[in-house]
Amino acid sequence: MTKKLKKGTPRRVLVTGATTPIGERLCRALLEDDRIEHVLAIGPKKGADSMPFGQNDKLTYKQFDLSRNRHVRQMLFGIAKDLKIDVIMHLSMHRSMTAKGARVHALNVDSLRSIIELSGRHPTIKRLIFKSDVAVYQVQRDLPVLITESHPLNMGGGAPQWVRDRVEADVLACTHMGLSPLEITVLRTAEVLAPGTGSQLFDFLSSPVCFKPLGYDPMLNLLSLNDVVRALSMACFAKQSTTIVNIPGADTMPLSSCIERWGRISIPLPGLALTPVYKARQRLRGTEFSYGANRRRFHYAAVLDGSRAEDQFSYKPEHPIHWPSSLS
Amino acid sequence: MLLTPKIAHKLAETLLPAEVMEWAGELKIRDNGHGFDDFGLHPSFAAFGLGLCWKLHKDYFRVRSYGVENIPIDSGAVMAANHSGTIPTDAAMLWADVLLKTRRIPRPIADHFVPSLPWIGVLFARSGLVGGSRGNARALLSSNELVMIFPEGVGGIGKNASLAYQLQKWHLGHAELAIRHGVPVIPTAIIGAEEQMPQIGQINSLGKLIGLPYLPIPLTPLPLPVRYHIHYGEPIPVHQDYKPKDADNPKVVREAAGKVKSAVEALIEQGLATRGNIFE
């Protein structure tokens, strides 16, 4: 039997990945929301001071390692049960493109599997909101520029684990829709251009000179921290809950404009030269951007279609990115 | 991209006469906040594209058009035209003609390989072209855009000189889209392009090497200065004749596409009968 959240009732929310920039902002927004009774913030760091905004009666912070099934069980049937949590917002995902291996997969995919299975028989949890990513979509020349929720996913075996894990987690959540008693919402968000979010583009723009493929200038859609937090909060109270929704951002522009607005110098190079250049950069400077993982979206336009988010959540992007060049 | 919107605007100013630039510099698009639409269209690039077509349209191909009143001014529609000429100057002239006559940027739908070509793909996208996928066409028609489709596709532009004015395999996508989105189809005939650059052969392997379906072997190195006559037919009201759900019925779609094909053939016949030689 499907568990249903009652309309208009206050929510008690568990946020995983609460110490990330998105998680922190989300917790802050939830604490300011009168409709939220309590926030249980989960992160990998020890101590209550892991959350920057100190003491709050509505907030409980706990440390759990979600890559361990036992910790997930303790979290859900321990503190979450005691606090009568009814909504889980799962944001926890390894942000590093270079991180590989079983532990990373356990955090990215197995933790979600455990959360879905255990929450299904949990006495209080009714809704799971999973933050997925635009990276799950396939980008290629014969696919539409405007990406709807039925767009093909990137199932290419050659994709790095960073992408494969995200696709697997997304598919995992989607396949449980209707089968699990939980209300499952998958939010496929556009790339959040902010530090600490795992944004490949943010890392790409961190160099004073940005090399881009010669002869190409694809359209990109970018999301601000404020808008991703708004979308997650809206999903918490949305009437339509078992759904997959794209969350686009307010900034749609070509790659060249993005580089320019970030105040960087753009140098076009032949595509063949870019892979070694960015591999060398990764090795020498320990950066995260991988040209191989972004090759297609640096050639072909890919913009999220937000019609469903508007229909179901009344979500429309409102907050553009704070571009360094517009701040100066 | 080195060609920024500012530079494109400046170039358009040098290529277009002042009276055209006056309105071409302020073309309306669905701006997403940074001057571009979702597909990459930018008004300054559209003006620049028009500037590039201007001399060809006015002095080289000396385009004459008929039935412009059949093109809707602000509602969505699908334009379906014959395609020919070895290189796609027919599409460029049709795009420029519609823009000049209606001050509305038509959105040509091109084969997938076109937007993926370096530089050309970017310039075309900035001027309004989109890749040929259902999703792209759906998004454009839902936004009441004027979509330009060549149902013959590569088969039309790549045909031999001996097949001039014979419509090649007529794909059905345009009819399906028009029915599904409740918009009329404007049948369009382009007379002149079929003789501009007679094709005597194709090299498939060389073309594939550079990302094209084939490399054409034309009889002339440049298009001949033939005169273009563009005939815009009366709108075919597929949106009134059929319901959107009929778009899932292959029989209905085939029937609607057949109506469009017949209308284009009739316009070609009429156009050929009323013109003199290919340069008049």
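The values are calculated or read from the model by the stated rules, or taken from the named source; none is laboratory data. Here the structure is a predicted model, which is why all the values come from computation and not from measurement. Cβ placement follows ideal geometry from the backbone for every residue including glycine, while neighbour counts extend to all protein chains displayed.
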Only one of (1) in a loop (DSSP other than H, G, I, E, B); (2) of a type in the set (A, V, I, L, M); (3) more than 9 Å from every other protein chain (Cβ to nearest Cβ) does not apply to B:Leu141, and that is (1)
Taking only the stretch A:194-231 into account, find how many residues are more than 14 Å from every other protein chain (Cβ to nearest Cβ), farther than 23 Å from B:Pro115 by Cβ, in contact (Cβ under 8 Å) with a residue 12 or more places away in the chain and touching a strand residue (DSSP E or B) at 6+ places or on another chain (Cβ under 7 Å). 5
Could you look through the stretch B:22-38, keep only residues that are within 22 Å of the chain's Cα centre (by Cα) and surrounded by 14 or more Cβ atoms within 10 Å (Cβ to Cβ), and pick out the one that is farthest from the other protein chains (Cβ to nearest Cβ)? B:Ala24
Can you tell me which residue within the stretch A:166-190, out of those that are closer than 22 Å to A:Ser96 by Cβ, crowded, with 22+ Cβ neighbours inside 10 Å and not small (Gly, Ala, Ser), is farthest from the other protein chains (Cβ to nearest Cβ)? A:Arg166
What number of residues within the stretch A:301-328 satisfy the criterion of being in contact with a helix residue (DSSP H, G or I) (Cβ under 9 Å, 6 or more places away or on another chain) and either within 29 Å of B:Leu117 (Cβ to Cβ) or of a type in the set (Ser, Thr, Tyr) (or both)? 9
Looking at A:Ile79 and the list (1) buried (at least 16 other Cβ atoms within 10 Å of the Cβ); (2) in contact (Cβ under 8 Å) with a residue 40 or more places away in the chain; (3) more than 14 Å from chain B (Cβ to nearest Cβ), which single condition is not satisfied? (2)
Of these, A:Leu187, A:Leu118, A:Leu143, A:Leu112, which one is modelled with pLDDT of 95 or more and out of contact with any Lys or Arg (no Cβ under 8 Å at 6 or more places or on another chain)? A:Leu112
How many residues of the stretch A:244-254 are surrounded by fewer than 24 Cβ atoms within 10 Å (Cβ to Cβ) and touching a strand residue (DSSP E or B) at 6+ places or on another chain (Cβ under 6 Å)? The answer is 1
Inspect the stretch B:178-186 for any residue being part of a helix (DSSP H, G or I), out of contact with any strand residue (DSSP E or B) (no Cβ under 6 Å at 6 or more places or on another chain) and surrounded by 24 or more Cβ atoms within 10 Å (Cβ to Cβ) and give the result as yes or no. yes
Neighbours by Cβ (under 9 Å, 6+ apart or cross-chain): first from the stretch A:92-111, closer than 18 Å to A:Gln200 by Cα; second assigned to a loop (DSSP other than H, G, I, E, B) and aromatic (Phe, Trp, Tyr): A:Met97/A:Phe289
Residue check for A:Leu274: at negative phi, of a type outside the set (Phe, Trp, Tyr), within 12 Å of chain B (Cβ to nearest Cβ) and touching a residue at least 12 places away in the same chain (Cβ under 8 Å): no
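Go through the stretch B:112-138 residue by residue and tally those that are of a type outside the set (S, T, N, Q), within 9 Å of chain A (Cβ to nearest Cβ) and either free of Cβ contacts under 8 Å to residues at least 12 places away in the same chain or out of contact with any strand residue (DSSP E or B) (no Cβ under 7 Å at 6 or more places or on another chain) (or both).
Number of matching residues: 12.
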Looking only at residues in the stretch A:3-38 that are among the hydrophobic types (A, V, I, L, M, F, W, C) and touching a Phe, Trp or Tyr at 6+ places or on another chain (Cβ under 9 Å), which one is nearest to A:Asn226 (Cα to Cα)? A:Cys27
Taking the stretch A:289-328 and keeping only residues that are crowded, with 20+ Cβ neighbours inside 10 Å and charged (D, E, K, R), one is left with A:Arg297, A:Asp305
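Give me the residue from the stretch A:115-146 that is of a type in the set (Ser, Thr, Tyr) and more than 20 Å from A:Ser67 (Cβ to Cβ) and, out of that set, nearest to the other protein chains (Cβ to nearest Cβ). It would help to see each step written out before you state the result.
Step one: list which residues in the stretch A:115-146 are of a type in the set (Ser, Thr, Tyr), which gives A:119, A:124, A:132, A:137.
This time we only want the ones that are more than 20 Å from A:Ser67 (Cβ to Cβ), so: A:124, A:137.
Details: A:Thr124: 41, A:Tyr137: 12 Å.
Result: A:Tyr137.
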Test of understanding: among B:Lys169, B:Lys159, which residue is closer than 15 Å to B:Lys259 by Cα and away from every other protein chain (no Cβ under 14 Å)? B:Lys169
Which condition from (1) away from chain A (no Cβ under 14 Å); (2) in a helix (DSSP H, G or I); (3) touching a Leu at 6+ places or on another chain (Cβ under 9 Å); (4) in contact (Cβ under 8 Å) with a residue 60 or more places away in the chain is the one that B:Trp95 breaks? (4)
